[in-house]
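Below is one structure; the comments refer to it alone.
Values quoted throughout were computed directly from the atomic coordinates according to the rules given, and no laboratory measurement underlies them. From a predicted model like this one, the values you see are computed outputs, not experimental measurements. Please note: Cβ atoms are built from the backbone with ideal geometry, for glycine as well, and neighbour counts cover all protein chains shown.
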Amino acid sequence: MPEVRLDPLRGQWVAYATERNDRTFLPAEDQCPLCPSGPEVPLDEFQVVVFENRFPAFGPSRPPGAGCEVIVYTAQHELTLAGLPAERVRLLIDVWADRYRELGGRPEVEYVYIFENKGAEVGVTLTHPHGQIYAMPFVPPFAELELRASGEHLDRTGRCLHCEELEKELEGPRRLFEAEGMAAFVPHAARWPYEVHLYPRRHQRSVADLDDSERWGLARALLRVAGAYDRWFGFSAPYVMALHQAPTDGRGWPEAHLHVEFYPPHRRADRLKYVAGVELGAGTFVNDTRPEETAAQLRSVI
Amino acid sequence: MAEPQPAPLPAREEAPTLEKQVIQLPDGRYLIVYGRPGA
């Protein structure tokens, strides 16, 4: 049974989920549990499905209200997000919005964290295209840090820190593109080589706040970023994709600005960036690339 | 060099319909099936 413990020295929650140690690990293609009529999706065909994770990191009862869901993007095992039609990515965004509202509406859930791990290099155990949603009973540390910074900036200046950073990035050498209400760039202080941040130009707090046009724009923008990685590296590139949104604890969170962060683990096509001594032990990232150079490289294929 | 732009989207008067069906699995978990009508 999962549980969470609070580390008193760092003030951070740690999740324990021992059942996950025995979860399905890189099964043969014909044994994929996410394919139609498999053990997780007992349907002959589907577009997008969501189900409760059989091996949750949180919940469903400890702590109360927490939960972990798996979101399967397509019935086609061999595809990736980058290979989906725009219409399917648009459907995926509508599903994200629905899950954000529904899970965030649970009184115990303070944060709905939507993400995708792609590739064995970032720990994927099932290659069928899918993402995950964690309904968390606390605001996780990275979101908390960002919200604190943007909240203090809002109090001091009356402006959104994300909006200001976005304006600066779009004028500078790390800009990737701006189209259909969305903008993407390699951030000034990128921790990961080829890290990309993708924002709606309008100040929107969550994916559920995006209007129809912005959802189409986000669908196309996600395809451009994910496809650019594949084209630049020359293979189906692994990454972690993380949505940062407003917490769902009932506050207004005017300082929150939806964005999607991509962290590919490659520092070049034949080398991985590892989170090791300095990152794990000291909390400081060392990046072997310059954001301005990786931005130029990605711009050439995006 | 001009930045490549995606093809313009077709004009839409309203957001596409999201169909949603919740299925209870034998082990007590839920499965939610999402889709577009006619897709």
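Per residue of chain A, the DSSP helices (runs of n ≥ 4 H) give a summed -39500 (n - 2.57) that works out to -8500 deg cm²/dmol at 222 nm. Label-to-label distance for A:GLU152 and B:LEU18 is 3.5 nm, based on points extended 7 Å past Cα in the beta-carbon direction.
Across the stretch A:134-165, the residues whose backbone nitrogen lies under 15 Å from the label position 7 Å along the beta-carbon direction of A:ARG10 are A:140-145. Within straight-line reach of A:LYS273, meaning a Cα separation under 18 Å, sit the following lysines at least 8 residues removed in sequence or on another chain: A:LYS118. The local environment of A:ARG201, defined by Cβ-Cβ distances under 11 Å, has a net charge of -3 under the rule Lys, Arg +1 and Asp, Glu -1. Each 5 Å bin, from zero up to the one with the longest distance, holds this percent of the alpha carbon pairs of the stretch A:1-93: 3, 12, 17, 18, 17, 14, 10, 6, 3, 1, 0. Phi angles of the stretch A:159-174 translate, via the Karplus equation with coefficients 6.51, -1.76, 1.60 and θ = phi - 60°, into HN-Hα couplings of 10, 7, 4, 4, 4, 5, 4, 4, 4, 5, 5, 6, 8, x, x, 9 Hz per residue; Gly and Pro are given as x. Note on the stretch A:102-173: the C-alpha convex hull projects to 7.9 nm² when averaged across all orientations. Of the two radii for the stretch A:11-51, the radius of gyration is 1.15 times the Kirkwood radius, both from the alpha carbons; that is the Rg over Rh value. The Rg/Rh ratio for the stretch A:61-215 is 0.97, where Rg is the radius of gyration of the alpha carbons and Rh is the Kirkwood radius.
Assuming 1.002 mPa s and 20 °C, estimate D for the stretch A:184-279 with Stokes-Einstein, Rh taken as the Kirkwood radius over Cα pairs, in µm²/s. Once the numbers are plugged in, D ends up at 145 µm²/s.
For the stretch A:122-212, with equal point scatterers placed on the C-alpha atoms only and solvent neglected, what are the log10 I(q)/I(0) values from the Debye formula at q = 0.25, 0.26 1/Å, to two decimals? Debye curve over Cα of the stretch A:122-212, log10 I(q)/I(0) at q = 0.25, 0.26 Å⁻¹: -1.36, -1.36. Working note: Debye formula, equal point scatterers on the alpha-carbon atoms of the protein assembly as shown, no solvent; log10 I(q)/I(0) at q = 0.07, 0.12 Å⁻¹ is -0.28, -0.91.
Taking 4.7 Å between C-beta atoms as the pairing limit, chain A has these partnerless cysteines: A:CYS68.
Per residue, the Cα convex hull of the stretch A:69-131 amounts to 91 Å³. Over the stretch A:166-240, the ratio between the Cα radius of gyration and 2.2 N^0.38 Å evaluates to 1.12.
Here the Karplus curve 6.51 cos²θ - 1.76 cosθ + 1.60, taken at θ = phi - 60°, turns the phi angles of the stretch A:19-33 into couplings of 4, 5, 5, 10, 6, 3, 10, 6, x, 4, 4, 6, 10, 4, x Hz, with x standing for Gly and Pro.
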